[in-house]
Amino acid sequence: MSAQKTSKKTTGKSAGKSSAKAAGPAVTELKEHIVEIISDSGEGAQRCGQSLGSIAARMGNGIWTTEIIPAEIRPPARSVAGASGNRIRIGSGYITNGGDQTDLVVAFNEQVLLGRVRARELKPNCIILLESMWRTHNDINIAMAYKETYSRLVEAGYQVREVPMEQECLKLTPDAKRGKNMFALGMLCYLYSFDLQAARDQIALTFGKKAQTIIDANVVLLEAGHKWASENFDYRFCIPATPAKQAQIATNGNTALALGVMASGMELCAMYPITPATSASHYLSDVFEKVGGLVHQAEDEIAACAFAVGASYASKCTVTITSGPGYSLKQEAIGLAVMAEIPLVVVNVQRGGPSTGQPTKSEQGDLMTAIYGSHGDAPKVVMAPATIEECFYSMITARKIAESFNTVVVVLTDAMLATSQQPFARPQFNEAWLAPPIDQSAVPDGAKPYDWDATTGIARRFIPGQPGGMHTVTGLAHDRQSHVAYDPDINQEGLRARSLKIAALQKTLLPPEVVGDDKGDLLVVGWGSTKGAIEEAAAALRAEGKKVSSVHLRFLQPMQPGIKEILQRFKKVMTIETNWSDDPADEIIDETNRRYSALATLLRARYLVDVDCWTEVKGQPVKPSTIRRVLLDKLQK
Amino acid sequence: MKFSSTECLLDLYEEKLELEDYQSGVPRWCTGCGDNAILTAVQRLCRDEGLRPEKTVFVSGIGCSSRFPHYMKTYGFHGIHGRALPIAEGIRLARPDLTIFVNTGDGDCCSIGAAHWIHALRYNMNLTVFLHDNQIYGLTKKQASPTSPIGTKSNTTPRGSYLDALNPLSVALGVANASFIAQAVDWIPESLFEIVKAAYHHKGFSFVRILQRCPEWLPKLHEADMQEPDAVQLLHHENALQISPNLAKVYKNQLKHDPLDIHRAREIASSTDVVPVGILYQNREIPCYEDTRQTGILRTPDIVRKGLEAEFDKYEV
């Protein structure tokens, strides 16, 4: 939906923001806008974007920020594929996803901008604020490329405005490349009528660890950008905010995850560097020790998982955080934890696969391997947070489930959740989140280390240090004494117990919530990071009178109760996912060979309902407008 | 990270434990297998040192020797192939109060788990590690291992193995932070016990390579060395092990070696004419990773709450 269509012109006076000058240009009131800041890698566009998001959130606006990341650390300067930056959707109300196309972009050169244009990420009439220094560049080829691109963008209908950012920054700093981002931030604060003091506060927080001189230098550039904009732009926007009633924090998914680990009572995290999971461990490495926790960077993914298994075995549940390739490597150790019934939390921040795939891009390709991975029958719990806030709470839930059922809990997030920022209610610490001290009491005479309950399969685990509990855990088939099983019935019994635990957990879960009417023409089922986009698309269709509802699954193994009944109340059911599924329109694809998406396959197998699917694996968040189109198609078929 | 210590409980125990208090089940190793000798030495160590069975963990990987924990009446972790060391490291970091031993074979440690072995030496965590080196894969029925002498006929090398053997002592002595490297042989029980004991008392990663016989697959491998006492060279030093009068009578080939002399240790490790037995290298000054990583913070709900609130403050909008 175009924000501009629903906007109305107001004067600066009535815009309500303290920084809006009475004499300034008319302020256009918007419901929402999508803003991008893009540069070559290392020019600070990401920091500018993150700061803008935080400032907007401070103003009480809903935000969703999405990182724009090139594949390389330092792609060549001025390259089409090298855009690095941030995309911020700013709204009046709560924002649940990155939205559709961009309304306004600040670009530090025209080449990175071209990449975004070609990817069709910009709205047709998008406002472009373009660094003008290239027009007079000494290198004639650069100057020509700039002029040519500029003309083509203007011809294409973009509202291009050249801004002498370099020139203006050089008046204040010898190294304009390092300050331009704050100048841009100042411009944007003016354009969106954000309080300049909130921006100053945000800079102080962002550079809090650095010297005051650095903070001051950045504030000077911020103010310069603001002033320049006020003198040169003849338009200005305002996105009225509806501040949340309670305190909010804004983080990305990986930070939320790390905070969740801190809050969960887990004390150890074992990891090996892998994109896009590592930033969670970076943050945790910085803060975990302050609360008595510890991050161990192991020599490899296998060691990280085996280390976590060892620590969990001897103590409280431990977490290992990874992404696809690392997850594959951990499989054998995950199977060991399942077999030996050692609580373990494994986080897989999914990226594009298979193999090295698309390390910085998002995908939901690991659902099947999460459920069925590791050889033999290795039942484990699989959860998928769908929002940044859920990334936080998922760690607390995962630790509790792992320790209550002595099992492995796999938490699937993805690159999109990992790097997107969204405000959520500041968590209110609850002591019950933490794990109790480990049991070191004597084990009663005759108690067995795997005394599987006949109904639930759950057994009390003995932890080293407990007198009388001595036994050897083993990955071999074993009996209730943990003795290696030579009797064929014992293996049957062990597999039954480990499987029953999953069913026992399922009995404690609530049915998922249906968003929209609980019956109708089309039900969309999703999981993970697509929630916001799916619900926005479905809501838009409902507003047009279509009978579309959606349901989002947080538990993929076991699945929550009541799902079959929900599916059966709709004429058509489909999933929207970011993993592979064959397109039935392809020449050789038919019902006998079509490979469905992961969740659709699971739903079809479990509930015997004809669940269709639509998927995309472009590595980008799926846009609500795309989903809306797909759903309309499905309704009309 | 600090553990709310349970050490105080230890002093309540006065009972003297006997060998059978550490024995569990009937070992299913072949008659004459060197693993039996190692088990005997280790059970004796546990008794002599009065180790609390509930505070002791034996960790192993996969292979004949990795059955070891099943025969100890302590806590045990029979893991997966090659991964005994990272499992043991996890236990160590979580539990400074436990005594942890690792039993690993030449395939487990030097082949599939070689990466972990190198890094375990470098972490220098307080673990006592026995490399049960019989120079052949036993459980999978006779395949060449990295420590098999070149020319070893096996099921995967029917015309003899192709590569020179990897020397675990030389490898270990090449890793930064290695702090205790020793070699023992299963056929001299007294020396085996003394070395096992010295390894246990070393604070750090004590790595003991134990040459052990495999009567099933390589029955003749150590025959000559066993029949010729001079083939074994006993290392001794006032800062390491002394040779008892009993041993000295039989084993005349003796070498005084300062365990801090790493260059000499590397030369000894490379010997091809004799089998060096004793402590090749010991450095008590190398810090243990778990001590380096110790935060000294006792984790309480209040500490966690304060830490979290401070972080939430940073992100509040």
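The values are calculated or read from the model by the stated rules, or taken from the named source; none is laboratory data. As the structure is a computational prediction, the values presented were derived from the model and not from experiment. Quick reminder, even Gly has a Cβ in these numbers, built from the backbone with ideal geometry, and neighbours come from all protein chains shown. With ligands, DNA and RNA removed, areas are computed over all heavy atoms of the protein, side chains included. Shrake-Rupley method; radii C 1.70, N 1.55, O 1.52, S 1.80 Å.
Residues are listed down the side, and each one gets a yes or a no for (1) of a type outside the set (K, R); (2) modelled with pLDDT under 50; (3) part of a loop (DSSP other than H, G, I, E, B); (4) assigned by TED's automatic domain parsing to the domain that holds A:S79:
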{"site": "A:S2", "(1), (2), (3), (4)": "yes, yes, yes, no"}
{"site": "A:A23", "(1), (2), (3), (4)": "yes, no, yes, yes"}
{"site": "A:E36", "(1), (2), (3), (4)": "yes, no, no, yes"}
{"site": "A:Q46", "(1), (2), (3), (4)": "yes, no, no, yes"}
{"site": "A:Q50", "(1), (2), (3), (4)": "yes, no, no, yes"}
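Restricting the first member to segment B:139-152 and to residues that are free of Cβ contacts under 8 Å to residues at least 12 places away in the same chain, and the second to residues that are assigned to a loop (DSSP other than H, G, I, E, B) and surrounded by fewer than 23 Cβ atoms within 10 Å (Cβ to Cβ), the beta-carbon pairs closer than 6 Å and six or more apart or on different chains are B:G151/B:G160. Of all the criteria given as (1) at the interface with another protein chain (Cβ under 10 Å from one of its Cβ atoms); (2) in contact with a Leu (Cβ under 8 Å, 6 or more places away or on another chain); (3) open to solvent by less than 20 Å² (accessible area, probe 1.4 Å), the one not satisfied by A:G310 is (2). Taking every residue in segment B:289-317 that is within 8 Å of chain A (Cβ to nearest Cβ) and surrounded by 21 or more Cβ atoms within 10 Å (Cβ to Cβ) and pairing it with any residue that is part of a helix (DSSP H, G or I) and among the acidic types (D, E), at least 6 positions away or on another chain, the pairs with Cβ-Cβ distances below 9 Å are B:V304/A:E431.
A:V154 is checked against (1) more than 30 Å from A:R58 (Cβ to Cβ); (2) of a type in the set (A, V, I, L, M); (3) in a loop (DSSP other than H, G, I, E, B) and fails just one. What number does that condition carry? Of everything listed in (1) more than 30 Å from A:R58 (Cβ to Cβ); (2) of a type in the set (A, V, I, L, M); (3) in a loop (DSSP other than H, G, I, E, B), A:V154 misses just condition (3).
For segment A:361-397, filtering for residues that are in contact with a strand residue (DSSP E or B) (Cβ under 6 Å, 6 or more places away or on another chain) and acidic (D, E) leaves 3.
Counting only residues that are within 16 Å of A:M383 (Cα to Cα) and surrounded by 24 or more Cβ atoms within 10 Å (Cβ to Cβ), segment A:503-530 holds 6 of them.
Report yes if some residue within segment A:397-415 is within 16 Å of the chain's Cα centre (by Cα), open to solvent by 10 Å² or more (accessible area, probe 1.4 Å) and either not small (G, A, S) or not assigned by TED's automatic domain parsing to the domain that holds A:D451 (or both); otherwise report no. Within segment A:397-415, none of the residues are within 16 Å of the chain's Cα centre (by Cα), open to solvent by 10 Å² or more (accessible area, probe 1.4 Å) and either not small (G, A, S) or not assigned by TED's automatic domain parsing to the domain that holds A:D451 (or both). Please work out if A:A45 is over 20 Å from A:V105 (Cβ atoms) and open to solvent by less than 30 Å² (accessible area, probe 1.4 Å). So A:A45 fails the test. A:R118 satisfies every condition listed in (1) modelled with pLDDT of 95 or more; (2) surrounded by fewer than 23 Cβ atoms within 10 Å (Cβ to Cβ) except (1). Identification of strands (runs of 3 or more DSSP E) wholly contained in segment B:170-260 with 3 or more residues that are closer than 30 Å to B:D291 by Cα yields B:180-185, B:205-211. Does A:A425 qualify as being over 22 Å from B:D302 (Cβ atoms), in contact with a strand residue (DSSP E or B) (Cβ under 8 Å, 6 or more places away or on another chain) and surrounded by fewer than 19 Cβ atoms within 10 Å (Cβ to Cβ)? The answer is yes for A:A425.
Residue by residue, here is whether (1) part of a loop (DSSP other than H, G, I, E, B); (2) farther than 30 Å from B:G76 by Cα; (3) more than 14 Å from every other protein chain (Cβ to nearest Cβ); (4) of a type outside the set (G, A, S) holds:
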residue: A:M470; (1), (2), (3), (4): yes, no, no, yes
residue: A:V473; (1), (2), (3), (4): no, no, no, yes
residue: A:S482; (1), (2), (3), (4): yes, no, no, no
residue: A:G526; (1), (2), (3), (4): no, yes, yes, no
residue: A:G532; (1), (2), (3), (4): no, yes, yes, no
residue: A:E536; (1), (2), (3), (4): no, yes, yes, yes
residue: A:K564; (1), (2), (3), (4): no, yes, yes, yes
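Within segment B:70-88, residues that are more than 7 Å from chain A (Cβ to nearest Cβ) reach partners that are among the aromatic types (F, W, Y) with beta carbons closer than 7 Å, at six or more positions or on different chains, in the pairs B:M72/B:Y22; B:M72/B:F58; B:L85/B:W117.
Identify all residues within segment A:313-339 that are open to solvent by 10 Å² or more (accessible area, probe 1.4 Å) and more than 11 Å from every other protein chain (Cβ to nearest Cβ); write none if there are none. Result: A:G324, A:P325, A:S328, A:L329. Inside segment A:444-464, residues that are more than 14 Å from chain B (Cβ to nearest Cβ), surrounded by 18 or more Cβ atoms within 10 Å (Cβ to Cβ) and farther than 22 Å from A:P558 by Cβ make up a count of 0. Can you confirm whether segment A:486-496 contains a residue that is in contact with a His (Cβ under 9 Å, 6 or more places away or on another chain) and open to solvent by less than 10 Å² (accessible area, probe 1.4 Å)? Yes, there is a match, as at least one residue in segment A:486-496 is in contact with a His (Cβ under 9 Å, 6 or more places away or on another chain) and open to solvent by less than 10 Å² (accessible area, probe 1.4 Å).
Looking at this structure, is B:T272 under 18 Å from A:L268 (Cβ atoms), out of contact with any His (no Cβ under 7 Å at 6 or more places or on another chain) and loosely packed, with under 15 Cβ neighbours inside 10 Å? So B:T272 does not fit the description; no. Taking the listed residues B:K306, B:K314, the one that is assigned to a helix (DSSP H, G or I) and either modelled with pLDDT under 95 or in contact with a Phe, Trp or Tyr (Cβ under 7 Å, 6 or more places away or on another chain) (or both) is B:K314, with no other qualifying.
The set of residues from segment A:374-414 being small (G, A, S) and out of contact with any Gly (no Cβ under 8 Å at 6 or more places or on another chain) comprises A:A398, A:A402, A:S404. If you go through segment A:377-396 and keep only what is over 13 Å from the mean Cα position of the chain (by Cα) and within 14 Å of chain B (Cβ to nearest Cβ), you end up with A:A378, A:Y393, A:M395, A:I396.
On the given criteria, is A:A303 buried (at least 24 other Cβ atoms within 10 Å of the Cβ), at the interface with chain B (Cβ under 9 Å from one of its Cβ atoms), closer than 30 Å to A:Q620 by Cα and in contact (Cβ under 8 Å) with a residue 12 or more places away in the chain? No; evaluated as a whole, the condition is false for this residue. Has segment A:270-284 got at least one residue that is of a type in the set (A, V, I, L, M, F, W, C), touching a residue at least 60 places away in the same chain (Cβ under 8 Å) and crowded, with 24+ Cβ neighbours inside 10 Å? Yes: segment A:270-284 contains one or more residues that are of a type in the set (A, V, I, L, M, F, W, C), touching a residue at least 60 places away in the same chain (Cβ under 8 Å) and crowded, with 24+ Cβ neighbours inside 10 Å.
Within the option set A:A503, A:A538, A:A497, being out of contact with any helix residue (DSSP H, G or I) (no Cβ under 6 Å at 6 or more places or on another chain), among the aliphatic types (A, V, I, L, M) and under 30 Å from B:A88 (Cβ atoms) holds for one residue only, A:A497.
Contact map, segment A:238-263: first residue within 30 Å of A:P25 (Cβ to Cβ) and more than 11 Å from every other protein chain (Cβ to nearest Cβ), second residue at pLDDT 95 or above and assigned to a helix (DSSP H, G or I), Cβ cut-off under 6 Å, separation 6 or more or different chains; the map is empty.
Listed here are the residues, each with its yes/no results for (1) without any contact (Cβ under 8 Å) to a residue 60 or more places away in the chain; (2) in a strand (DSSP E or B).
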| position | (1), (2) |
| --- | --- |
| A:E332 | yes, no |
| A:G335 | no, no |
| A:T360 | no, no |
| A:H375 | yes, no |
| A:P379 | no, no |
| A:T413 | no, yes |
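For segment B:122-135, the tally of residues that are more than 16 Å from B:V59 (Cα to Cα) and buried (at least 20 other Cβ atoms within 10 Å of the Cβ) stands at 5.
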